[in-house]
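To start, the structure itself, in structure tokens.
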Amino acid sequence: MKKLLLVLVLAAIITTGTAFADYPGGLGIGIQGGGAYGWAGGLDYGAALSLKIPSLPIFWTIQANFGGGEFGLNVAGDVYLIHNPLVDSANLDWYLGLGIGAGIWGFSDTLGLGASGRVPIGLSWQPLDLLELYLQVVPQLGVSVLPKFRFPYGGMGANVGLRLWF
């Protein structure tokens with residue numbers, strides 16, 4: 001029943017014309033930093049490069065994570081379904097998206113591998129056409145397949161970033 005409700009809500013969002021939210025034309029390149037708390041415990045923090053290619057509605061991140069004595073690499077792609085003004089006069093917007101991510105971590109005694117679904121929710125401020133600053137939270141639900149199978153797997157992340165539009 002929950003899956004059906006989620007599909008109906010997403011269909012309603014898409015059919016109202018807010019799917020694939022508009023962002024400045026051109027290439028978007030940026031950096032972000034943040035952290036995540038996993039349901040299994042432990043706090044990770046990291047830095048990422050972000051990329052928005054003009055012809056695709058996907059915001060990509062490639063992130064290096066540190067924490068708990070481990071190093072990790074993650075790749076994620078998010079589609080912003082909703083991007084609406086919060087304060088028009090200040091160019092402050094909010095957004096909601098869906099995405100997927102995959103990561104590998106450990107590289108010492110054990111190796112971890114997992115994938116997850118993501119729901120980025122954030123604020124975006126564009127004081128100049130060239131510059132975007134954003135703050136987001138990203139709940140994640142997924143599966144870990146190494147070093148052992150674990151479902152559900154995930155946590156809550158938060159990021160602050162800067163993106164330049166060309």
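Assorted remarks:
- Sub-6 Å Cβ pairs linking a first residue in the range 120-137 that is at negative phi and assigned to a loop (DSSP other than H, G, I, E, B) to a second residue that is surrounded by 18 or more Cβ atoms within 10 Å (Cβ to Cβ) and of a type in the set (Asp, Glu), at least 6 apart or interchain, are Pro120/Asp78, ordered by first then second residue.
- Residue-level check: of (1) closer than 18 Å to Arg118 by Cα; (2) out of contact with any strand residue (DSSP E or B) (no Cβ under 8 Å at 6 or more places or on another chain); (3) at pLDDT 85 or above, Val7 misses just (3).
- Any hit, the range 72-84, residues being in contact with a strand residue (DSSP E or B) (Cβ under 7 Å, 6 or more places away or on another chain) and not in a strand (DSSP E or B): no
- Residue list for the range 31-71, restricted to those being within 27 Å of Asp109 (Cα to Cα) and not in a strand (DSSP E or B): Trp39, Ala40, Gly41, Gly42, Gly68, Gly69
- Looking across the range 54-101, the residues that are of a type outside the set (S, T, N, Q), closer than 22 Å to Val119 by Cβ and exposed (fewer than 14 other Cβ atoms within 10 Å of the Cβ) come down to Leu56, Ile62, Pro85, Leu86.
- Test: residue in the range 152-165 that is farther than 16 Å from Leu51 by Cβ and charged (D, E, K, R): no
- If only residues of the range 112-155 that are at pLDDT 95 or above and among the charged types (D, E, K, R) are counted, the one that is nearest to Asp44 (Cα to Cα) is Arg118.
- Qualifying residue in the range 14-30 (condition: under 24 Å from Leu141 (Cβ atoms), assigned to a strand (DSSP E or B), modelled with pLDDT of 90 or more and touching a Gly at 6+ places or on another chain (Cβ under 7 Å)): no
- Tally, over the range 22-77, of residues that are among the hydroxyl-bearing types (Ser, Thr, Tyr) and under 15 Å from the mean Cα position of the chain (by Cα): 4
The values are calculated or read from the model by the stated rules, or taken from the named source; none is laboratory data. This is a predicted model, so every value here is computed, not measured. Positions of Cβ are backbone-derived with ideal geometry, glycine not excepted, and every protein chain shown enters the neighbour counts.
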